[in-house]
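Single-structure report; data block below.
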Amino acid sequence: MGKLVYLVIDGAADSASDSPTSLELARTPALDRVASSSVCGLMYPIEKGVAPESDAAVLSLLGYDPHAYYTGRGPLEALGAGIEIREGYEVAFRANFATINEETLEILDRRVGRSLRSEEAKELAKALDGMELGIYGGYARVKATVGHRAVVVIGSRAYRLSDEVDNTDPAYARVGKISVARPAFDKRVAECRPLVDSEEARRAAELVNAFTRKAIEILKSHPVNAARASRGLPKANAILVRDAGGALPRAEPIAKRFGLNFGAVVEMPVEKGIAKLLGMEVAEVGEPTGDKRRDYRERLEATLSLLERVDAVYVHLKGPDEPGHDGLLAEKARAIEEIDEHFLAPFLERADMDKVAMIVTADHATPPRAKAHTGDPVPVAIRVPGLKPDGVARFTERECAKGSLGVIAHGWELLPKFLELARRAGFL
């Protein structure tokens, strides 16, 4: 039986109305080689009109309808960070350390200028971890993950809590359980509000607001922030939470769902959490260092190693998303080029491509013009040995739109579509 490599390039897509898009601007001979030997199309990672966060999008791309399975990003981040939650009495959140005006609560930078080192964040998290909240027997558990990112768990020793509460990070709105990027928002720390009329939700919101206030008081005078201020760096003097969840999704293992044993090469806690949840073998790779040649070489070796043991390897590479959020078109194009040069090109040279199929896509669009995730469709290429390609010239939004796949309405339809094509070609 042949093997599959499923490459997701985080935030690589832009809007087709942009000219040029980051993919069009980038020089990508390896991506174009894959596209020209594939059937191609466009795809809405969740559905038309939804600007998804990566977690719900990844769950969708792996074949699970988020409307049916998704329970919030917080529990997945917690699982990826090695934290278990007490269902009914704890609510987990994805969190960002942020820079605010301590008097007005105006948000100056939601991500501390992307300058917070993981080591600094861990020291700050230690100062918050175990915080007593003073009401409802409440407490907070805090664990830093990568850079400015963290997991916050709000709990009560005596009272049940609901995860039906809103974000204090105003950049994201909750639509059911799914969190979507707001195109514009009030740049102040938001008050956490209950989203349903229940005592459990009101308690949870009060506890979150107590945590937010106490965290600001602790962080503003922390030695890490004093040292940062002395060097002219922004202080990490607040922590914003979003994407509440009180339980992990109840999802059947991916091997049972699709008949393929999966491995995963993933960088961020939420992707690790999803991979663990679905029963994948997760390769141990270090967090991104900024040395793209080194980082992608490590991820390449992990991919090739997993490919010897499993049927399919899911690879999620973060690179282009951050410059997209920062509005940097040339830098985003360069980030795509680095993946092409240091990961994909050597993979194509070293793997036996007569025995390896590929899916290449993005989990969402992050156009530099928008500086946020948008609901635009993303390009997709499915390469199966023995399957006649479309003749698409490049892996870009406009080129892939010419392909025979047309527009795939939901991300969770992609793996079934691959399996159909692979079986038709006699590959599986």
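The values are calculated or read from the model by the stated rules, or taken from the named source; none is laboratory data. Since this is a predicted model, take the numbers as computed values, not measurements. Backbone-built Cβ (ideal geometry, glycine too); neighbour counts: all protein chains shown.
Annotations
- Among the numbered conditions (1) at pLDDT 95 or above; (2) surrounded by 20 or more Cβ atoms within 10 Å (Cβ to Cβ), the only one that Ala51 does not meet is (1).
- Of the residues contained in the stretch 113-120, none is found to be crowded, with 24+ Cβ neighbours inside 10 Å, not in a loop (DSSP other than H, G, I, E, B) and not charged (D, E, K, R).
- For the stretch 380-408, the candidate set comprises residues that are surrounded by fewer than 14 Cβ atoms within 10 Å (Cβ to Cβ) and touching a Phe, Trp or Tyr at 6+ places or on another chain (Cβ under 9 Å); within that set, the residue that is nearest to Ala13 (Cα to Cα) is Val407.
- If the condition is being of a type outside the set (Ser, Thr, Tyr), part of a loop (DSSP other than H, G, I, E, B) and within 24 Å of Pro389 (Cα to Cα), then the stretch 15-33 contributes Ala16, Ala26, Arg27.
- Within the stretch 319-336, tally of residues that are crowded, with 21+ Cβ neighbours inside 10 Å and either within 18 Å of Asp291 (Cα to Cα) or in the same structural domain as Pro183 (by TED's automatic domain parsing) (or both): 8
- Within the stretch 84-101, the set of residues being buried (at least 20 other Cβ atoms within 10 Å of the Cβ) and out of contact with any helix residue (DSSP H, G or I) (no Cβ under 7 Å at 6 or more places or on another chain) comprises Glu90, Ala95, Asn96, Ile100.
- Some residue of the stretch 80-102 being in contact with a Lys or Arg (Cβ under 7 Å, 6 or more places away or on another chain), assigned by TED's automatic domain parsing to the domain that holds Pro223 and in a helix (DSSP H, G or I): yes
- Qualifying residue in the stretch 379-400 (condition: in a strand (DSSP E or B), of a type in the set (D, E, K, R) and within 25 Å of the chain's Cα centre (by Cα)): yes
- Qualifying position, being touching a helix residue (DSSP H, G or I) at 6+ places or on another chain (Cβ under 7 Å), farther than 30 Å from Val266 by Cβ and not basic (Lys, Arg), among Ile218, Ile154, Ile178: Ile218
- Inter-residue pairs, beta-carbon under 8 Å, first assigned by TED's automatic domain parsing to the domain that holds Thr168 and surrounded by fewer than 16 Cβ atoms within 10 Å (Cβ to Cβ) and in the stretch 178-205, second part of a loop (DSSP other than H, G, I, E, B) and of a type in the set (S, T, N, Q), 6+ apart: Arg188/Thr104; Glu191/Thr168; Val196/Ser162; Ser198/Ser162
- Of the residues screened, Leu61 is not one that is aliphatic (A, V, I, L, M), surrounded by 22 or more Cβ atoms within 10 Å (Cβ to Cβ), more than 25 Å from Ala227 (Cβ to Cβ) and at pLDDT below 95.
- Selection of the stretch 68-118 for residues being of a type in the set (Phe, Trp, Tyr) and out of contact with any strand residue (DSSP E or B) (no Cβ under 7 Å at 6 or more places or on another chain) yields only Tyr69.
- Taking every residue in the stretch 290-315 that is in contact (Cβ under 8 Å) with a residue 24 or more places away in the chain and pairing it with any residue that is part of a loop (DSSP other than H, G, I, E, B) and among the small types (Gly, Ala, Ser), at least 6 positions away or on another chain, the pairs with Cβ-Cβ distances below 6 Å are Ala302/Ala283; Leu306/Ala283.
- Residue that is modelled with the highest pLDDT, among those in the stretch 371-414 that are in contact with a His (Cβ under 9 Å, 6 or more places away or on another chain) and small (Gly, Ala, Ser): Gly375
- The condition of being closer than 18 Å to Leu23 by Cβ, of a type outside the set (A, V, I, L, M), at pLDDT 95 or above and out of contact with any strand residue (DSSP E or B) (no Cβ under 6 Å at 6 or more places or on another chain) does not hold for Lys417.
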